Amino acid sequence: MRPLSLLYLLTVIFISLGAIQAHAAAPKPLDPAAQIAAKVEPTRKVVYKQIEGRELRLHIFEPKGLKPGDKRPCFLTIHGGGWRGGEPRRMYPFAAHYAELGMVGISMEYRLVTTKGTNTVFDCVKDGRSALRYIRAHAKELGIDPERIAVNGGSAGGHVAASTAMFEGIDEAMDDLKISSVPNAMVLYYPVIDTSKEGYGNALIGARWQEISPAHQVKRGTPPTLILHGTGDTTTPFKGAQKFHDAMLKAGNRSELVVNEGGPHGYLMFDGALFNDALVQTDLFLESLGWVK
């Protein structure tokens, strides 16, 4: 091979390798929810619980004009991630949106299930219930009406949200049980709602799965609930949401199930129009309670 041809070949190889590396290093585009989350920041963060050598915080979005002594409704939102991942920022768009509508928006941290088994789904449940109790106990200083707290979550965060209302007796030893962990309303997006073998998380939870399966723990008096779920969800199957909804109605509770035909797991986070529609549906639900206009 002539020297000029060899030099040309090496140049082509180096350019190709550079293009491959540049393509591999290109960041994944942010979905609509993540784009919003990247642009907003909480007003402040407060520690609601100290456990296992760490502090768990509430990321608080305060509405404009919040004053000492105010009694604003609260929108507590909880991230998903299969109880093993995720972060509060994922739900910042919801906390920020409801702060804009005059509520106190909060996105919370909770312990995640570890591969070594030191933390379990029961610990996630306990953290959700602790957070609700902290908000209610400190309602005055937070500017919150303790009788107008909505808890929201997506996927496993929806499970933790439901746990605040449904799993009596699964509480942290340090919690003041005289303070109720039951919210006044629930908004659940594609939630883990059935932890049987037909649902999600059965193997991870183990033999005690029915104790923390919302679809199996519905009782009369469960707070008014809005559920958004896609029929194409193969992670947290839609039939679990339908089962929960039917059980709620049978028990005499208020339940609204908004169905997205063919929607996969997390559908509303990946499409701007569907994200906005989810906010509208949630707005209407909260308006029906007299909490927003």
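The values are calculated or read from the model by the stated rules, or taken from the named source; none is laboratory data. Computed from a predicted structure; not experimentally measured. Positions of Cβ are generated from backbone atoms using ideal geometry, with glycine treated the same way; all protein chains shown enter the neighbour counts.
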Could you identify the single residue in SER155, SER196 that is touching a His at 6+ places or on another chain (Cβ under 8 Å) and over 25 Å from ALA95 (Cα atoms)?
-> SER196
Within the range 112-169, count every residue that is closer than 24 Å to ALA33 by Cα and among the hydroxyl-bearing types (Ser, Thr, Tyr).
-> 1
Which one is farthest from GLY230 (Cα to Cα) among residues in the range 109-164 that are in contact with a Pro (Cβ under 8 Å, 6 or more places away or on another chain) and part of a loop (DSSP other than H, G, I, E, B)?
-> GLY143
Here the qualifying pairs (Cβ atoms under 6 Å; residues six or more apart or on different chains; first in the range 264-276 and under 16 Å from SER155 (Cα atoms) and in contact (Cβ under 8 Å) with a residue 12 or more places away in the chain; second of a type in the set (S, T, N, Q) and assigned to a loop (DSSP other than H, G, I, E, B)) come out as HIS265/THR235
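Residue by residue, here is whether (1) crowded, with 24+ Cβ neighbours inside 10 Å; (2) touching a Gly at 6+ places or on another chain (Cβ under 8 Å); (3) aromatic (Phe, Trp, Tyr) holds:
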{"position": "ALA139", "(1), (2), (3)": "no, no, no"}
{"position": "PRO146", "(1), (2), (3)": "no, no, no"}
{"position": "ALA150", "(1), (2), (3)": "yes, no, no"}
{"position": "HIS159", "(1), (2), (3)": "yes, yes, no"}
{"position": "GLU172", "(1), (2), (3)": "no, no, no"}
{"position": "LEU188", "(1), (2), (3)": "yes, yes, no"}
{"position": "PRO191", "(1), (2), (3)": "yes, yes, no"}
On the given criteria, is GLY206 touching a helix residue (DSSP H, G or I) at 6+ places or on another chain (Cβ under 8 Å) and among the small types (Gly, Ala, Ser)?
-> no
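Any residue that is among the aromatic types (Phe, Trp, Tyr), surrounded by fewer than 21 Cβ atoms within 10 Å (Cβ to Cβ) and at pLDDT 95 or above - is there at least one of those in the range 115-133?
To start, the set of residues in the range 115-133 that are among the aromatic types (Phe, Trp, Tyr) comprises 122.
Still in the list and also surrounded by fewer than 21 Cβ atoms within 10 Å (Cβ to Cβ): 122.
So of that shortlist, the ones also at pLDDT 95 or above come out as 122.
Yes, because at least one residue in the range 115-133 is among the aromatic types (Phe, Trp, Tyr), surrounded by fewer than 21 Cβ atoms within 10 Å (Cβ to Cβ) and at pLDDT 95 or above.
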In the set SER163, SER181, SER155, the lone residue that is in contact (Cβ under 8 Å) with a residue 40 or more places away in the chain, more than 19 Å from THR222 (Cα to Cα) and buried (at least 24 other Cβ atoms within 10 Å of the Cβ) is SER155
